[in-house]
Structures are given as C-alpha cells and as structure tokens.
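The values are calculated or read from the model by the stated rules, or taken from the named source; none is laboratory data. This is a predicted model, so every value here is computed, not measured. Note: ideal-geometry Cβ built from the backbone for every residue, glycine included; neighbour counts use all protein chains shown. Side chains included, ligands, DNA and RNA excluded: accessible areas come from the protein's heavy atoms. Shrake-Rupley method; radii C 1.70, N 1.55, O 1.52, S 1.80 Å.
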Amino acid sequence: PEEIKDDLLWKTSTVGNGIAFIANLKYDGREYPDTTLYTAAGKDSGSVYPMWGTFPIDSNRIDIPSATGEITALKWDSDILFQFREHAMYMVNIEDVTSPRVEGVYQGMGVFGQYAITDTPYGIAWVNANGAYQYNVEEKKVRSLTIGRLDSEDFGADINSKIGYDDRAKMLIITNSTKYDTAGYHYAYSFITDAWCTWNANKAHAAFVKTNF
C-alpha cells in the first residue's frame, strides 16, 4: 500500500499486452522525467508476471537515465515499448516486463509529443524535425522514410507537426498546425508506392489540430 500514490501524475501513456504504461511522472512534489511505471495485467491478458496494484512506484518501475531529454511519448508494438525522448528513441524489450532490456537507442529520432506518432498495420510511424520514420514490425527494423528523398529544410517539420494514418489509402498524413496555410507543406507517404506527395487543398486548420488526427 505504501507504493500507491494518490497524487501520481504523468505526461504520456500507452497500453500493450494487457498492461498500461505511464511515463514522465510526478508525485510527492518531485518530477521523474526518466521513469516509466506499469500496472498489473488484466486477468484475461495471458500474462504470468506476479504483480498487483495500480502503478506501484517501486515494484513496477523502469528507470532509464538519459541526457537526451525527458520522456515525451510511449508506444507499444509486438513486445517492444518505444520510449521517445526529445532527442532519441529507446526500444525496450518487455516480453518479460519484470526484466526489461534496452535493445536499441536511436539518436535524432525523438519526438516532441504523442501527437507525432501513429499506428499503422506495418508498424508505428513518427515525425520530428529531422524527418519521418517507421518501425517495420516484420523485419524488426527502424528506417527513415525521408533521408535521400526529402530535404529536412523543405520538409519543415517542427514541434507542431502531427502525423496520422489513412487505412483506406494506406498513407501517412503529416501536417502542421502553424503552417496550415503554407502551400505544399502538407505531406502524404504511400506504403503502396513507397513515395511522397504534397497538396494544397483540404488543409487542416490550426484551430482543429490539437493533439492528433
């Protein structure tokens, strides 16, 4: 009981395999920007790990100190917890959540917030000031979708860039709430043709782009 905090706050969260994860915490008047907590698995999740309680701060804790900034977003995909910082992305294997291990650290692939990440049938995708990226769930590899194709200055992504996925067209859609009226800024990437395009019509107005699509 002493591990349960009534004043627990967090900035980002995700759910995978019946387990909820929260990160970038605050409790007892202190902030823990490098810490992730996880709760007990649901009774029908199939998980065998012996943990109980809602986000116990010591038993169910993952600490990864880093100089790459605070945790800004979380995503789960195929037993991998993607922990995004401001300047890097950490891939944490949580097949056994009681023994998490960092499988990769990708510098320059961080994000500013949860709105910069989206789910696709091919693996998660995200956008930052350097470009757009995708985790290929079949190959278990991270790849850039923009290097060698789009100049980062032309791409123009920043802290206000949002990403979404259109399953009808099998496309990533990227826009920006501060550049909504910029000609050619809005980008789409096709998983079918492996190509990019831009457009000017049907723009996302700044007033309606808040967190995600």
**Request:** Count, please, the residues in segment 123-149 that happen to be buried (at least 19 other Cβ atoms within 10 Å of the Cβ) and among the small types (G, A, S).
**Result:** 4
**Message:** When you scan segment 59-68, do you find a residue that is under 12 Å from the mean Cα position of the chain (by Cα) and open to solvent by less than 10 Å² (accessible area, probe 1.4 Å), even just one?
**Reply:** no
**Complete:** Taking segment 74-102 and keeping residues of a type in the set (S, T, Y) and out of contact with any strand residue (DSSP E or B) (no Cβ under 8 Å at 6 or more places or on another chain) leaves S78, T98, S99
**Request:** Report yes if some residue within segment 160-176 is exposed (fewer than 14 other Cβ atoms within 10 Å of the Cβ) and either under 23 Å from H87 (Cβ atoms) or at pLDDT below 90 (or both); otherwise report no.
**Result:** no
**Item:** Residue, modelled with the lowest pLDDT, within segment 7-64, restricted to residues that are in a loop (DSSP other than H, G, I, E, B) and among the β-branched types (V, I, T)
**Value:** V48
**Asked** Just to be sure, is A157 over 19 Å from S66 (Cβ atoms), touching a helix residue (DSSP H, G or I) at 6+ places or on another chain (Cβ under 9 Å) and open to solvent by less than 60 Å² (accessible area, probe 1.4 Å)?
**Response** yes
**Prompt:** Taking segment 177-193, which residues are modelled with pLDDT of 90 or more and open to solvent by 60 Å² or more (accessible area, probe 1.4 Å)?
**Reply:** I192, T193
**Complete:** Selection from segment 71-122 of residues outside any strand (DSSP E or B), open to solvent by less than 30 Å² (accessible area, probe 1.4 Å) and over 17 Å from S161 (Cα atoms) yields I94, V97, T120
**Message:** Return the pair list, or none, for Cβ contacts closer than 7 Å from residues in segment 129-150 that are more than 17 Å from G104 (Cβ to Cβ) to residues that are open to solvent by 40 Å² or more (accessible area, probe 1.4 Å) and among the β-branched types (V, I, T), at least 6 apart or on different chains.
**Reply:** G131/I147
